[in-house]
Amino acid sequence: MHLSHPNIQPFLNYLKFEKRYSRHTLISYQNDLISFFDYVVIQYGNTSLQDLSHAIIRSWLAGLKGDGMSSKTINRKISTLRSFFKYNIRTGVMEQTPMGKIIAQKNEKRLPHFVAEAEMKKLSEEVAFDDNWQGKTDYLLIMIFYATGMRLSELINLKESGIDAGNGAVKILGKGNKERIIPVSKELLNLIEAYLIEKRSLSSANHEILLVTENGLALKPRSVYRTVQKHLSTVTTVKKKSPHVLRHSFATHLMNRGADLNAVKELLGHTSLSATQIYTHNTIEKLKNIHQKAHPKS
């Protein structure tokens, strides 16, 4: 049974039409808020926004933690509620937020999984891809992921017009409709050019989106995920083999070769430097290994 929560929709409309959040993000916000207000109605009955207290919110969060939900997911739900109440204060529906005494959970620090440089080299130079349209698409999408660090949604929506061969760059439309420019190699641009030439022979191909199926349609997230998983399995034993692992590999290899943290932040499209700093951990571990092997006093 779905309960009715009329307070949610105005906030979602604001996120959609003013903040221009993606459909995926909107669904995430919606699910968090429905989960919270379902809990409130079931446990406390119909409760106005003004009567929501930090005690009610704490009891909901405690239940989530008791069910084994990760700190990262709980913190996302806390962030959703903060944004929701902030919006309702700004629109005059509420006078104050009940989030003042709510403290974010401590995240378990996990180093990002990444593929070694030698393994990526093997994948690009030695692994045989099928000599058909799907094989060429599979190879190109993996090379674009690794060369640019773009997200899965960004790759699927990458436009032909986003390829700037003259300036040796790719234009990406990221989260919040923010554009960023990623420099790429001549080698990758040549691959893309050859792909586009062959793409012209596909009947009814989508010529707005760069990567398409043999039927000329945009790629589906699940099929891209499976493609990356399949081909990474041929070169690495890393536990996770997803498009995001290629993004992690892009950032980690840049950091290992001395790239500036702020530059990596811009390339990844992070809004905050704290999101990028996780890649310094892998660099530090590499430095420790070098020190232990090379320093006479280690």
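The values are calculated or read from the model by the stated rules, or taken from the named source; none is laboratory data. Here the structure is a predicted model, which is why all the values come from computation and not from measurement. No Cβ is skipped: glycine too gets one built from the backbone with ideal geometry, and neighbour counts run over all protein chains shown.
Out of 267, 210, 246, report the one residue that is at pLDDT 95 or above, touching a strand residue (DSSP E or B) at 6+ places or on another chain (Cβ under 8 Å), outside the structural domain of residue 72 (by TED's automatic domain parsing) and of a type in the set (A, V, I, L, M).
Working: 267 fails: at pLDDT 95 or above; 246 fails: touching a strand residue (DSSP E or B) at 6+ places or on another chain (Cβ under 8 Å).
Answer to the check: 210.
Scan the range 143-175 residue by residue and report those that are among the aliphatic types (A, V, I, L, M), in a helix (DSSP H, G or I), in contact with a Leu (Cβ under 7 Å, 6 or more places away or on another chain) and buried (at least 18 other Cβ atoms within 10 Å of the Cβ).
Narrowing the range 143-175 to residues among the aliphatic types (A, V, I, L, M): 143-144, 147, 150, 152, 155-156, 158, 163, 165, 169-170, 172-173.
Now narrow it down to the ones that are in a helix (DSSP H, G or I): 143-144, 147, 152, 155-156, 165.
Of the ones still in play, those that are also in contact with a Leu (Cβ under 7 Å, 6 or more places away or on another chain) are 143-144, 147, 155-156, 165.
143, 144, 147, 155, 156, listed by residue number.
Evaluate the following for residue 235: is it assigned by TED's automatic domain parsing to the domain that holds residue 135, surrounded by 18 or more Cβ atoms within 10 Å (Cβ to Cβ) and assigned to a loop (DSSP other than H, G, I, E, B)? Break it down into steps so the answer makes sense when it comes.
Details: assigned by TED's automatic domain parsing to the domain that holds residue 135: yes; surrounded by 18 or more Cβ atoms within 10 Å (Cβ to Cβ): yes; assigned to a loop (DSSP other than H, G, I, E, B): yes.
The answer is yes for residue 235.
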Which pairs have Cβ atoms under 6 Å, sit 6 or more apart or on different chains, and link a residue in the range 19-44 that is closer than 20 Å to residue 98 by Cβ and not assigned by TED's automatic domain parsing to the domain that holds residue 151 to one that is of a type in the set (S, T, N, Q) and surrounded by 19 or more Cβ atoms within 10 Å (Cβ to Cβ)? 29/80; 32/80
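Would you say residue 140 is surrounded by 18 or more Cβ atoms within 10 Å (Cβ to Cβ) and either among the small types (Gly, Ala, Ser) or at pLDDT 95 or above (or both)?
On the way: surrounded by 18 or more Cβ atoms within 10 Å (Cβ to Cβ): yes; either among the small types (Gly, Ala, Ser) or at pLDDT 95 or above (or both): yes.
Against the criterion (surrounded by 18 or more Cβ atoms within 10 Å (Cβ to Cβ) and either among the small types (Gly, Ala, Ser) or at pLDDT 95 or above (or both)), residue 140 qualifies.
Give the range 122-136 a look and list any residue that's outside any helix (DSSP H, G or I) and not polar (S, T, N, Q), or say none.
Going residue by residue through the range 122-136, those that are outside any helix (DSSP H, G or I) are 126-132.
Once the filter is applied, which keeps residues that are outside any helix (DSSP H, G or I) and not polar (S, T, N, Q), the range 122-136 yields 126, 127, 128, 129, 130, 131.
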Counted residues, the range 57-77 - those being surrounded by fewer than 17 Cβ atoms within 10 Å (Cβ to Cβ), in a helix (DSSP H, G or I) and among the aliphatic types (A, V, I, L, M): 1
